[in-house]
Amino acid sequence: MFDIKKLNNKCNEPNCENKPKKEKLIYEQTVRRGKKSLVSLYLCNKHICKANKLVTKLKSIEPKVVIDMEVNDLR
Ligand SMILES: [Zn+2]
């Protein structure tokens, strides 16, 4: 669904060449260990909403796991 090998050089949407504008950090909230990072996505403004779909998907696969995300602006 995303190409995370592009890291923060390009938008992680596979066919997008734009510079990423936002970092979306998806993490699991655990009782014992607090936040556990799952993946960081770097996305342009056009594709930032795709990250929400991924979170929705993860939640449907693992309904017992509390998955949350935070968005950070990139310079
Ligand atoms: Zn993009």
Exercise for the section: Look at residue 52 and say whether it is within 16 Å of the ligand (Cβ to nearest atom), within 13 Å of the chain's Cα centre (by Cα) and outside any loop (DSSP other than H, G, I, E, B). Expected result: yes
Problem - residue 58 being open to solvent by 60 Å² or more (accessible area, probe 1.4 Å), farther than 15 Å from residue 3 by Cβ and of a type in the set (A, V, I, L, M) - result: no
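Yes or no, residue by residue, for (1) surrounded by 12 or more Cβ atoms within 10 Å (Cβ to Cβ); (2) part of a helix (DSSP H, G or I); (3) within 16 Å of the ligand (Cβ to nearest atom):
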{"residue": "13", "(1), (2), (3)": "yes, no, yes"}
{"residue": "29", "(1), (2), (3)": "yes, no, no"}
{"residue": "35", "(1), (2), (3)": "yes, no, no"}
{"residue": "63", "(1), (2), (3)": "no, no, no"}
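The values are calculated or read from the model by the stated rules, or taken from the named source; none is laboratory data. Model, not experiment: these values are computed from the prediction. When we count neighbours, we look across all protein chains shown, and the Cβ atoms used for this are built from the backbone with ideal geometry, even at glycine. What goes into the accessible areas is simple: the full protein's heavy atoms, side chains included, and nothing from ligands, DNA or RNA. Shrake-Rupley method; radii C 1.70, N 1.55, O 1.52, S 1.80 Å.
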